[in-house]
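Trainee: Here it is: the structure, laid out below.
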Amino acid sequence: MTERDLPLTPAEEALLDFSLGHTDQCAENSLEATSMRELVSQARLDARSAADVPSNALIESVREAARESVPQPSFWRLLEGGLRTNMLVRIVAASLVIHLAALPVLAWLQFSQKERGPIYIQFEKPEPVLVDQPAPELLEPVNIDELPEWLELLDQPLTSPDQD
Amino acid sequence: MTSPWNLPCDPLEALRGGDSGPFEDFVPLGLAALGGFFRRKGATREEAEDLSQDVLMKLVQNATNYQPDGRFAAYVFRVGRNAWIDSRRRAGARPQLTGLETPGSDGESLRLVREPIDPGQTPGQALEVSEQAGLVHAAMAALSPAHREVFELGVIQELPYPEIARAIGIPVGTVKSRMFHALRALRAALAAPEEVHHD
């Protein structure tokens, strides 16, 4: 601390506050206070009038950097917002949680069973179904000579199944 | 006091929270304030623009690490002060705090002459105001670097004492003391302008 940095007296502090516009009353040194206040006002006016106006390109480049620095809303942030506001999102999320919770249980049930042997598949011929329908009438007598050789004829008269 | 730094919210805190709007609103004010800050330290217009842009870019890049315990303006000027010191080091010179005495390297002296604000102001009145502004300019150049720095932040930038203290890293009492003696020195210099011009 230099000699000039010694603490101010209450009167000096009041004079300073008045000069800077922190207060509108200064009991002592009114002439000095007024001139110092005018000086402060003049310095501020000078600085404002002398200030360079930043170019639009410069302003836009900084603004663009600020926009790009903001992280985009993540999936989790969107999900959080949806859970707070949308009932449908809540229902879907609850369903998802239930399914995810059931998945390990189902997996345990599936893999904890004993291993089965090979699987054989057998196809069975269906039994002929006798349809209860009258036999078609023969319109012409059968010529025996035209019958094939493998057909063995019996020396018995032909009878209908009804007669049996 | 209507300080231009009385912002509705902390722009960096908003930026850190994902809202770039307040910071985008602050950009023109920040560039202008920092530009004047660097110009009054002796930077050329181009250098002041580059430094102002660098400072705001640093604020953006470090927004995630920003701790809003201190006031925003103090933080901005602390970063600006460090940027100025770094630029002087890169330039191979000691930190120069007496820039008001020297014109910029572009041959353009600092323009601290107030434009006529009142449309009804006569040329004679405007000249009187300009001369007064020149005297203030010369008197500011005669201040010590420490006093001029406090004067810059407290009077020109209109920061409150605690923020000046944070920006410079000195106690509030020292800020008040330096401000008081800076004002007294300026008043004395303006009361005897001939001495200032001949020094």
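Trainee: Projected area of the range B:1-95, taken from the Cα convex hull and averaged over every viewing direction, in nm²?
Mentor: Working: hull surface 25.9 nm².
Average projection, Cα convex hull of the range B:1-95: 6.5 nm².
Trainee: Still on this structure, I have one more. Please give, to one decimal in nm, the separation of the simple spin-label points placed at A:Ser41 and A:Leu109, each 7 Å out from Cα toward the Cβ.
Mentor: Taking the simple label geometry, A:Ser41 and A:Leu109 are separated by 8.8 nm.
Trainee: Hey, what does the equivalent ellipsoid look like for the range A:8-50, semi-axes from the Cα gyration tensor as sqrt of 5 times each eigenvalue, largest first, whole Å?
Mentor: Numbers: eigenvalues 92, 18, 12 Å².
Each semi-axis is the square root of five times an eigenvalue, giving 21, 9, 8 Å.
Trainee: Sorted from fewest to most neighbouring beta carbons within 10 Å, what does the list A:Lys125, B:Lys41, B:Lys58 look like? Can you show the working numbers first?
Mentor: Numbers: A:Lys125 5, B:Lys41 25, B:Lys58 15.
Fewest-to-most ranking of A:Lys125, B:Lys41, B:Lys58: A:Lys125, B:Lys58, B:Lys41.
Trainee: Another one. What's the exposure ranking of A:Val40, A:Val105, going from fewest to most Cβ atoms within 10 Å? Don't skip to the answer; put the middle values down first.
Mentor: Numbers: A:Val40 22, A:Val105 9.
Ascending Cβ contact count within 10 Å gives the list A:Val105, A:Val40.
Trainee: How would you rank A:Met87, B:Met57, going from fewest to most other Cβ atoms within 10 Å of each one's own Cβ? Write out the running numbers ahead of the final one.
Mentor: On the way: A:Met87 9, B:Met57 15.
Taking fewest neighbouring Cβ atoms as first place, the list is A:Met87, B:Met57.
Trainee: Over 5 Å intervals from 0, what percent of Cα-Cα pairs in the range A:56-108 sits in each interval?
Mentor: 4, 16, 13, 12, 10, 10, 10, 7, 6, 5, 3, 2, 1, 0
Values quoted throughout were computed directly from the atomic coordinates according to the rules given, and no laboratory measurement underlies them. Quick caveat, the model's predicted, so the values are computed rather than measured. Positions of Cβ are backbone-derived with ideal geometry, glycine not excepted, and every protein chain shown enters the neighbour counts.
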